[in-house]
Amino acid sequence: MARIFAVANQKGGVGKTTTTVNLAAALAAHGQRVLLVDLDPQGNATMGSGVDKRTAPSTVYQVLIGLKQLSESRQRSEAGGYDVLPANRELAGAEVDLVTIENREKRLKDQLATVASEYDFVLIDCPPSLSMLTLNGLCSAHGVIIPMQCEYFALEGLSDLVNTIKQVHAKLNRDLKIIGLLRVMFDPRSTLAQQVSAQLETHFGDKVFKAVIPRNVRLAEAPSHGLPGVVFDKAAKGSQAYLAFATEMIERIKTV
Ligand code: ATP
Ligand code: MG
């Protein structure tokens, strides 16, 4: 049965999509069967996996509102070696459409249950908000992966997310836990980054992943080629870090 992880942080531009896409491709490279769910109307994870969001016949939107099955809406990322449930701007309407739908926060969970036996990992790329879409992600997941930059305000934003996760755990999804915090876009030469990183380790202990993703331009270039960074330039420092992160995830799920 698939282990399901939401990649979430309500802060924008912190590396959620880069993490989801590269972890998916890195897990696939390690022989794991992976489904990536794009839950963001921006559709960046879809495009970054080499799937065209503009021509997708069916997306996560139709799946959420009950017009299509997940099994008929997923596509193959040939580049990444994993499956993708695509998203595009249509998904922005889901927020309103879901209001009248029963069990609206569990729509994705129910659909994932229909394909869970076909995968080892399901990774959900959440949008930069604590919206109904993110709630669907959190209700579906066994755990949350939180990518974060080691900046001054990073810890402050984290408490809102941690509180939301606690509430979802208490009221909607007893399985949910924080799997770990992933330091991304890390600059080892920055004293501030080192200080924040040390603070994170003090506060969260072994919830902080050992893998650290450095700032690396090859990871930023890859999406314009429709390729995950780990495929675009496997030898790049950022790619090597995501491959190490995938190994750490495979180890970690044995104990959670
Ligand atoms: P949003 O909140 O808009 O969904 P996000 O949290 O998904 O954003 P990304 O899109 O993954 O964040 O990353 C934001 C930007 O930073 C992108 O241009 C991406 O290419 C770049 N980026 C992400 N990680 C790295 C890295 N390790 N090194 C260099 N650039 C990176
Ligand atoms: Mg994103």
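Looking at Ser140, Phe209, Ala170, which one has the Cα that reaches farthest to the positive end of the dipole of the chain (charges on Cβ: Lys, Arg +1; Asp, Glu -1)? Value: Phe209. Dipole magnitude for the chain: about 340 debye, using +1 per Lys or Arg Cβ and -1 per Asp or Glu Cβ, origin at the Cα centre.
For the chain, what does -39500 (n - 2.57) per DSSP helix run (n ≥ 4), summed and divided by total residues, give at 222 nm, in deg cm²/dmol to the nearest 500?
Values: 12 runs with 105 residues, N = 256.
So the calculated ellipticity at 222 nm is -11500 deg cm²/dmol.
For Ile253, no residue has an amide H sitting under 5 Å from its own, ignoring neighbours fewer than 5 places away on the same chain, with H placed 1.01 Å from N. Using C-alpha pairs under 8 Å with a sequence gap of at least 6, the mean separation divided by the residue count of the chain gives a relative contact order of 26 percent. Report, for the chain, the % of DSSP beta bridges that are antiparallel, rounded to 5. About 10 percent, rounded to the nearest 5. The aspartates and glutamates whose alpha-carbon is closer than 18 Å to the alpha-carbon of Lys166, local same-chain residues fewer than 8 away aside, are Glu105, Glu156, Asp175.
Compared with the alpha-carbon gap, the fully stretched path from Val99 to Glu221 is longer by 40.1 nm at 0.36 nm per residue. Among Val162, Val196, the order of accessible area from largest down is Val162, Val196, computed with a 1.4 Å probe on protein heavy atoms.
Neighbours of Ala154, meaning other residues whose beta-carbon lies under 10 angstrom from its beta-carbon, give a summed charge of 0 when Lys and Arg score +1 and Asp and Glu score -1.
The values are calculated or read from the model by the stated rules, or taken from the named source; none is laboratory data. Given the structure is predicted, the values throughout are model-derived calculations rather than measurements. Ideal geometry is used to build each Cβ from the backbone, glycine not excepted, and the neighbour counts take in all protein chains shown. Each accessible area value is taken on the protein alone, full model and side chains, heavy atoms only, with ligands, DNA and RNA left out. Shrake-Rupley method; radii C 1.70, N 1.55, O 1.52, S 1.80 Å.
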